[in-house]
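Some notes on the structure that comes next.
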Amino acid sequence: MTAHIEIKDVVKRFGAATVIDHLSLSIDPNEFMVFLGPSGCGKSTLLRMIAGLESVDEGTISINGQRIDNLPPGQRDIAMVFQSYALYPHMTVADNMAFGLRNIGISADVISARVTEAGRMLEIGHLMERKPGQLSGGQRQRVAIGRAIVKEPKAFLFDEPLSNLDAALRVRTRVELAQLRHRVKSTMIFVTHDQIEAMTLADRIVVMNNRKIEQIGTPMEIYSRPATRFVATFVGSPAMNFVDATLDTSGTNVTARFAGGVSVETDIGSNQLGDGKYTFGIRSEDVRVAPVGQGNAEGVVDVIERLGERTLVYARLGDGQQVVGSDAGNSPVAVGDRIGLAFDGRKSHLFNEAGHAWHARGV
Amino acid sequence: MAEQLTLPQTATPAAGVRVPSADIYAPKWRNFIFVAPYLFFFTTLLVFPLFWGIWLSFHKADTFSTGKFVGFGNYIRLFNDKVFLQSIWNTFYFVGLTVPALALIGLFLALCLNRRTRSAAVLRTIFFSSSVLSVTIVTLIWRIVYIPNNGLLSIVYGWFGATAPSFISDPNLAMIGIAIATIWWCIGLPMMLFLSALQQIPQDIYEAAALDNANRWQTLRSITLPSIKRTFVLVIIIQIVLQFQLFGQPWLMTRGGPNNLTKPIVLYIYDTAFRRWDLGLGAAASEILFILILIAAMAQYLVTRRKGEL
């Protein structure tokens, strides 16, 4: 059982504040969709509207063509995993999982079989008689997922389920979730503000900001071809470099010129652009550190971050703008060094004043 | 040379030897002055009278002198006194009438009024307001309600052509009448305790229950009630301890009558010690009450603990 979820033109207001503003979205059957955005962008509210925990002020939400926004949460055939897990504290693990099934009158045999199977799948079979207070954070998390699985719902909703786990457990649970989604064939919606969770888990990501969708796309589309400057900033670590540039559109391709006589030929056609001011954007991995005199710019190293497999070099250009470039893990560069920077124009982006993006053909 | 070698060894301790440092958890006795005022009143007004009362109960005493030691004589007299035995029964009967009612009605009100609306806030205030009244006012109000012929109850019954039950003078109804007045007076505290417990239940558990298809009854039975079990026990214990000390209401409404049927232990103690000036007997009755309250509270506590999850 799986769900095709159609969100049409929904609006949500809390008093005078609009938190979701005429938003439309279609989620395919069996798709793993991640809502990504900063705090307060409306992603959790949207999830709760799908769950039925928040009302819909305008617009409709339907699953497999049937409108659900007027149904109570229990009748939408969906399951949700909460950030706080929301386990029933006085019930055992087994009862936590069975509660929803008992409420709809499923026979004890079926309940027992499903709970046992979920316990086996999530490796919590030995915890069945414990209460949530006797479990670790990671175990509670599994019980919460188990409680969702036993319902065999059309869609799973996850509201930042990993944010209460410590760093190591978060990575492990993320991998397990990725495995789980292939075992449990169902539509999944996952809300997070963590871009790594979004990139690693999603089939498609919905990047949200300020009550609206900024971009919908596969993780690599979002990363490589961010539709707006916000997406380019929010996705990717470190964030994309933005350099104020003047554009030379006399050739076939745009050439971006920075203060200090730097020029980078992009792979963006000159005829695509309109008038107005543009900002040149490029990811740190597309700015290579080079010996002075090689590359298209020079800078002085401010900060060095050694990540092991590569080194991030924060360099200041002649006009004071900072650019992050990358070098090999064992880079000999030191703070205060003068270095050359090679901008790869085939991987560059241009953003107009409204934040809309143009991408080089190579990305 | 030998001295030069040994000196540094004695001056600095060898590696691994713990150097004593200030223990931050060591008691600081000057902090005692913060608890001293309370301790003074606790000792002089509670601990000392408790032991003095025990001592008195073994003596034949009146207001002017503490007479001779009588051993368990006072206690033997007590248990041969039909009025005292009646007062014990009366007290248990009263506790049995009021405590379950206070807990259940308090819970019901709290469930009804646990919402953020203005009307709920107003009603919470109204239901709690009776608790701030003194026993004199409460009994005055209820005597007016119960007055035969002209009382509120008679008027209401009169509308239906019926005669109101005489709650003050009917031997079968007098204690029930006092219990009703007491429940009306004391309902505020249980309600508030239940409200605060209800407000501590995380909202997301209810959301999870809604997604789990739980209807209102299933949510109440499986989520709300188990979550406030501790408070339920607390309310029961507090009310048992409070209601065992019944005094003002029967004293002001019925004077213990008719025929001692509404005379609780405290009223018996008062009569014995301060009207008949038999302080030793009164002290013995006080100790019985003390033990009864202690047993009731401990039993309640232990029974709930044995089931686990207190």
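The values are calculated or read from the model by the stated rules, or taken from the named source; none is laboratory data. Not measured: the values here are computed from a predicted model. Backbone-built Cβ (ideal geometry, glycine too); neighbour counts: all protein chains shown.
Going residue by residue through segment A:24-32, is there one that turns out to be more than 19 Å from the chain's Cα centre (by Cα) and in contact (Cβ under 8 Å) with a residue 24 or more places away in the chain? Yes, that holds for at least one residue.
For segment B:106-119, check the following and say yes or no: at least one residue is charged (D, E, K, R), assigned to a helix (DSSP H, G or I) and surrounded by 14 or more Cβ atoms within 10 Å (Cβ to Cβ). Within segment B:106-119 (the criterion being charged (D, E, K, R), assigned to a helix (DSSP H, G or I) and surrounded by 14 or more Cβ atoms within 10 Å (Cβ to Cβ)), the answer is no, since none of the residues qualifies. One residue alone among A:151, A:131 is within 10 Å of another protein chain (Cβ to nearest Cβ), closer than 23 Å to residue B:201 by Cβ, at pLDDT 90 or above and buried (at least 21 other Cβ atoms within 10 Å of the Cβ), and that residue is A:151. Within segment A:154-198, being of a type in the set (S, T, N, Q), within 26 Å of residue A:4 (Cβ to Cβ) and crowded, with 19+ Cβ neighbours inside 10 Å holds for A:186, A:187, A:192.
Evaluate segment B:51-58: report whether one residue or more is of a type outside the set (A, V, I, L, M) and more than 18 Å from residue B:269 (Cα to Cα). Looking for residues that are of a type outside the set (A, V, I, L, M) and more than 18 Å from residue B:269 (Cα to Cα), one finds none in segment B:51-58, hence no. Within segment B:229-252, residues that are among the small types (Gly, Ala, Ser) sit with their Cβ atoms under 7 Å from residues that are surrounded by fewer than 21 Cβ atoms within 10 Å (Cβ to Cβ), at 6+ positions apart or across chains, in these pairs: B:248/B:135.
Take the conditions (1) surrounded by 21 or more Cβ atoms within 10 Å (Cβ to Cβ); (2) under 15 Å from the mean Cα position of the chain (by Cα); (3) at pLDDT 90 or above; (4) not in a loop (DSSP other than H, G, I, E, B); residue B:246 misses just one of them, which is (4). Of the helices (runs of 4 or more DSSP H) lying entirely inside segment B:165-230, those carrying at least 3 residues that are in contact with a Pro (Cβ under 8 Å, 6 or more places away or on another chain) and within 14 Å of chain A (Cβ to nearest Cβ) are B:203-211.
For the residues A:76, A:102, A:120, A:67, the requirement of being without any contact (Cβ under 8 Å) to a residue 12 or more places away in the chain and facing another protein chain (nearest Cβ under 10 Å) singles out A:102.
Within the option set B:177, B:256, being small (Gly, Ala, Ser) and more than 30 Å from residue B:77 (Cα to Cα) holds for one residue only, B:177.
Looking across segment A:53-107, the residues that are polar (S, T, N, Q), under 22 Å from residue A:188 (Cβ atoms) and either touching an Asp or Glu at 6+ places or on another chain (Cβ under 7 Å) or not in a strand (DSSP E or B) (or both) come down to A:60, A:62, A:64, A:75, A:83, A:84, A:96.
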